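Have a look at the structure that comes next, please.
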Amino acid sequence: MNRKSHPLRAAMAALSCAALLHAELKTLRPGFNFFSPAQDIKLGQEAEAQVMKTQPVVHNRQIDDYLALLGKRLQQSPRAGKFPFSYHVIYDKNINAFALPGGPIFINTSTILATDNEAQLVGVLAHEMSHIALRHGTHEASKQNLIAIPAALAGAVFGGTILGSLAQFGLGLGTNSLLLRFSREAESQADYNGAEMMADAGYNPLEMAHFFEKLEANGGKGAPQFLSDHPNPGNRVKAVEDELEQMPQRDYNSNTGEFPLIKQVVAHLPPPANYQPQPAPGAAPAQAPPSARPDAALTGFSGGDYALEYPSNWQVFGGRDSGAVTIAPGSGLVRGADGNTSVGYGMIVSWYEAGNGAPDLRPATEQLIRQLESENDRMIVGGASREIRVGGQPGLETLLYSRSPYPNESREVDLLVTAARPQGLLYIVFVTPGSEYSQVQGVYRSVIGSVTFP
Ligand SMILES: [Zn+2]
C-alpha cells in the first residue's frame with residue numbers, strides 16, 4: 001500500500017493543516033476543577049452577599065448602570081462564557097479589582113480613577129470576566145486542595161453554604177489567597193481572553209495592557225494588592241501586540257462618551273457609612289474594627305451534639321455536620337502577611353480526641369493545651385485551669401496568650417473552655433485582641449452559660 005495515499009494519513013494531514021491555520025488564535029478552556037459551573041455560581045453568590053455586607057460597596061445608580069452597560073457589551077463576545085455577571089464598586093483608596101467565581105465582579109473606586117479612558121476600564125472588566133469565564137478561582141483552589149475541596153463540597157451537600165463549608169477547611173472568602181489570587185499562567189490567559197473580548201466589543205485591547213503596565217510603574221507601589229492578586233506574567237504589552245497581529249484588522253472606536261462624567265461622579269462620592277480607611281492591603285488591619293465586638297444579643301446555633309448561643313453580629317462558618325465551627329465577624333478573619341488567614345476575633349468550637357470514648361476532663365484538656373502550644377510557639381498558658389460548669393457538666397476554663405494577627409495589638413487572649421463528653425473533649429476557644437478582652441468577658445460568660453447538651 002502506498003503510504004502517501006493512505007486515506008487516514010491524508011485526512012490527518014489535512015486536519016493538522018487546518019489546526020495550524022487556527023493555531024494562531026487560541027480558544028482557551030477552563031482547566032481541571034472539582035466544582036461544577038453551577039457550584040461556581042452558587043459559591044460566587046454566597047461570597048458576593050458577604051462582600052456586599054462587609055465591604056463599603058457603593059450604591060450609585062449612575063455608576064452601576066454605566067458598568068452594566070460596559071459589561072453587556074463585553075458579554076456579547078463568545079469568549080465571555082455564560083455566567084451571570086454582576087458588577088459592583090467598592091469605596092477603597094487602594095487600586096484593586098477582583099472576580100468571584102461564577103459572575104460577581106468588584107472594582108475599587110481608585111481603580112476607576114486610575115484609568116485614563118473607557119477602553120482601559122473595559123480592559124479591567126474584560127480581564128476579570130475572563131477569570132470567571134475560564135473558572136480560574138475554583139481551578140486554582142481545586143489544584144491546591146485535592147482532598148479538602150471534595151470534602152468541603154460533600155459537606156455542603158448536607159445543607160449549609162459552600163462558602164461556609166470551605167471556610168471550615170480554611171478556604172473561605174477570608175482566605176482570599178486561593179479563590180482570588182491567580183497564577184501567572186491564569187493571568188496571561190485572562191489577558192489573552194480579555195483582549196479578544198475587548199476587540200469583539202470594539203475596544204483596543206492594547207489599552208488593557210497599557211493600564212496594567214501603568215500599575216507596574218514605580219515598582220508597583222501604587223497598586224500592591226492588584227499586583228499580588230494579578231501577578232504580572234511578564235511583558236503584557238508585547239503579548240497583546242502579538243495577539244493583535246493574529247486578529248483581523250478592526251476599528252476600535254467604541255465609546256459611550258460617558259467616561260469623563262462617571263470619573264467625576266466617582267471622584268466626588270461620599271464614603272459609604274461602613275467605610276473604614278484600610279491600611280495597605282495584603283497586610284492585616286492594624287486592629288479589629290469596632291463593629292467586630294460581639295453583640296450582647298445572642299442567637300442560637302445547634303452543632304448536633306451540643307447547642308449554644310452566639311453574638312448575633314457574628315456569622316457561623318461551617319455547619320452542624322462539621323467537626324469544627326468558626327463563629328466570627330467577617331472582619332475577625334484576618335489575612336496575614338504570609339497570605340494565610342487566621343481568626344483574630346471570634347470563637348472556634350470543635351472536638352478533641354473525638355471517637356476515643358469519654359475522656360478524663362483534666363488530662364485531656366492538658367493534652368489539648370500541649371498540642372495548641374506545639375502548633376503555636378508564641379502561646380503562653382496564663383495560669384491554672386479553673387473549674388466551671390458547661391451545659392450543667394463539669395468543665396474547665398484556661399487562659400492562653402498568643403500573638404494577635406492585628407499588628408497594633410500587643411497580644412491576643414484566648415479563653416479555652418473544655419467539657420468532657422461521651423464523644424470526646426468539646427472545646428471552645430474565644431479569640432480576642434488583647435485591648436478588647438475586658439469589654440467582652442460578660443458576653444463570653446453568656447455564651448458559655450448558653451451551652452446545652454441535647
Ligand atoms: Zn488577573
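Which whole-number percentage describes the relative contact order of the stretch 347-439, with Cα contacts under 8 Å and a sequence gap of 6 or more?
35
What nm distance separates the two modelled labels at residue 93 and residue 324, each placed 7 Å from Cα along Cα→Cβ?
According to this spin-label approximation, the distance is 3.6 nm.
Can I ask one more? Loop-only trypsin sites (Lys or Arg not before Pro) in the stretch 72-155, please: DSSP not H, G, I, E or B, and at most 14 other Cβ atoms within 10 Å.
Of the trypsin sites (Lys or Arg not before Pro), the ones in loops of the stretch 72-155 whose Cβ has at most 14 other Cβ atoms within 10 Å are 82, 93.
I would also like to ask the following. At a 10 angstrom cut-off on C-beta neighbours, averaged per residue, how do the peptides 373-379, 65-71 rank from highest to lowest?
On the way: 373-379: 11.9, 65-71: 18.1.
Highest-to-lowest ranking by the protection proxy: 65-71, 373-379.
Using a basic spin-label model with each label point 7 Å from the Cα along Cα→Cβ, how many nm lie between residue 401 and residue 72?
6.1
OK, next. In nanometres, what is the gap between the two model label sites at residue 267 and residue 378, each 7 Å from Cα along Cα-to-Cβ?
Using points 7 Å along Cα→Cβ, the separation is 4.3 nm.
If packing is taken as the average count of other Cβ atoms within 10 Å, what order do 189-201, 212-224 fall into, highest mean first? Before the final figure, lay out the partial values.
On the way: 189-201: 25.0, 212-224: 15.4.
Final packing ranking: 189-201, 212-224.
Determine which lysines satisfy two conditions relative to residue 82: a Cα distance under 18 Å, and not lying fewer than 8 residues away in the same chain.
Hits, sequence-local ones excluded: 42, 72.
Related question: Can you figure out the FRET efficiency of residue 358 with residue 439, using R₀ = 35 Å and their beta-carbon distance, to the nearest 0.05?
With a Förster radius of 35 Å, E is 0.45.
For every other residue with a beta carbon closer than 13 angstrom to the beta carbon of residue 195, add +1 if it is Lys or Arg and -1 if Asp or Glu, then tell me the sum.
Numbers: positive: 26, 79, 236, 238, 250; negative: 187, 191, 196, 200, 207, 241, 242, 243, 245.
Every neighbour counted, the sum reads -4.
Can you tell me which lysines have their Cα less than 23 Å from the Cα of residue 221? Leave out same-chain residues fewer than eight positions away.
93, 238, 263
Which net charge results for the neighbourhood of residue 347, defined as the other residues with beta-carbon distances under 15 angstrom from its beta-carbon, given Lys and Arg at +1 and Asp and Glu at -1?
Counting the neighbours of residue 347, the net charge comes to -4.
Tell me the net charge near residue 415. Cut-off is 11 Å between Cβ atoms, residue 415 excluded, with +1 for each Lys or Arg and -1 for each Asp or Glu. Provide the component values of the computation, followed by the final result.
Numbers: positive: 386, 445; negative: 397, 412, 414.
Cβ neighbours under 11 Å give a net charge of -1.
Please work out how much length the chain gains when fully extended from residue 307 to residue 59, using 0.36 nm per residue of separation minus the C-alpha to C-alpha distance, in nm with one decimal.
Gain on extension, residue 307 to residue 59, equals 85.5 nm.
Would you please give the FRET efficiency between residue 251 and residue 218, computed as 1/(1 + (r/R0)^6) with r the Cβ-Cβ distance and R0 = 22 Å, to the nearest 0.05?
0.05
Same structure, new question: With a 1.4 Å probe and all protein chains in place, put 95, 105, 348 in order of accessible area, largest first.
348, 95, 105
The values are calculated or read from the model by the stated rules, or taken from the named source; none is laboratory data. Since this is a predicted model, take the numbers as computed values, not measurements. Note: ideal-geometry Cβ built from the backbone for every residue, glycine included; neighbour counts use all protein chains shown. Side chains are part of the model used for accessible areas, which takes the heavy atoms of the whole protein and leaves out ligands, DNA and RNA. Shrake-Rupley method; radii C 1.70, N 1.55, O 1.52, S 1.80 Å.
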